[in-house]
1. List, please: which pairs have Cβ atoms under 6 Å, are six or more places apart or on different chains, and start with a residue in the stretch 65-81 that is under 15 Å from Y113 (Cβ atoms) and end with one that is among the charged types (D, E, K, R)?
2. Exactly one of these conditions fails for I121: (1) more than 16 Å from Y197 (Cα to Cα); (2) within 25 Å of the chain's Cα centre (by Cα); (3) open to solvent by 30 Å² or more (accessible area, probe 1.4 Å). Give me its number.
3. Could you tell me whether E142 is in contact with a strand residue (DSSP E or B) (Cβ under 9 Å, 6 or more places away or on another chain), in contact (Cβ under 8 Å) with a residue 60 or more places away in the chain and surrounded by fewer than 15 Cβ atoms within 10 Å (Cβ to Cβ)?
4. Restricting attention to the stretch 145-186, and to residues there that are open to solvent by less than 30 Å² (accessible area, probe 1.4 Å) and polar (S, T, N, Q), which single residue is nearest to K99 (Cα to Cα)?
5. Read through the list (1) open to solvent by 30 Å² or more (accessible area, probe 1.4 Å); (2) under 23 Å from L147 (Cβ atoms); (3) not in a loop (DSSP other than H, G, I, E, B), then give the number of the only condition that E60 fails.
Amino acid sequence: MKIIFLAILIILLLTNCNNSETKSVEKNNRIELVPEPDKELREEYEKQQELNKSKCAFVEPDTSVVGIKIGNVESILKILGKQTKLEGDSTHIFYSNDKKQKLGLTIHPGSYYSQVSIFNISYADKSQKNFRKINSKVFETEKGIKLGISKREIIEKLGTCYETKDSTRNNIELNYRIELPNDSKTKLLTSNNMPIYYAKYKLTNDKLENIEFGFEYP
């Protein structure tokens, strides 16, 4: 009888020990917290999620730089001269008049001569190339977007219908996009027979350092 009693007692003790270890593990698991991500990154992520859920529409995009208009050959001739002939399937680079900024004009394959599809604005590096100069100190879009402005200023001019990419503490890229069947107020895509317009604004330390916008090649 004593042997049976001792066996039961041992089993009960072992069971209690196992339960105690399980509870301890569960307790430890519960108090092991995942570090909270950077507040700014989390807010950007939440904003993107809200954007995806909403019917936010980007309808007033940038379409020109210093008077050169997207898809408009006449504007090229007016700014660069009547003899200008920019070939397709190429990006043509121009300096500002002080050679501190660069403007890239991309002509898609199959487009007419000098029919610009993509604009790119950046700071010039120290290596001086033999690029033509445009008579403008600052390459600015018709909405007043130019290098050096802040994220807040971009959003004030273009709205909140953007997504972010490569977002870190010091670097961020704002992406705006229009894709058929959606279109801008001026029917930009329909009138140019293009399916997608995009715009990318790259900032470092809250200063705009690269601008690119135009039509994706179909």
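The values are calculated or read from the model by the stated rules, or taken from the named source; none is laboratory data. Please read all numbers here as calculations on a predicted model, not as lab measurements. Cβ atoms come from the backbone with ideal geometry, glycine included; neighbour counts cover every protein chain shown. These accessible areas exclude ligands, DNA and RNA; they are computed on the full protein's heavy atoms, side chains included. Shrake-Rupley method; radii C 1.70, N 1.55, O 1.52, S 1.80 Å.
1. Note: pairs meeting the criteria are S75/K69.
2. The number of the failed condition is (3).
3. Here the answer is yes, as E142 does meet what is asked.
4. If we filter the stretch 145-186 for residues that are open to solvent by less than 30 Å² (accessible area, probe 1.4 Å), which is where we start, we get 145, 147-150, 154, 158-159, 161-162, 164, 172-174, 176, 178, 183-184.
Next, from what is left, pick out any that are polar (S, T, N, Q): 150, 164, 184.
Details: S150: 23, T164: 30, S184: 34 Å.
Across the stretch 145-186, the extreme among qualifying residues is S150.
5. Of (1) open to solvent by 30 Å² or more (accessible area, probe 1.4 Å); (2) under 23 Å from L147 (Cβ atoms); (3) not in a loop (DSSP other than H, G, I, E, B), only one is false for E60: (3).
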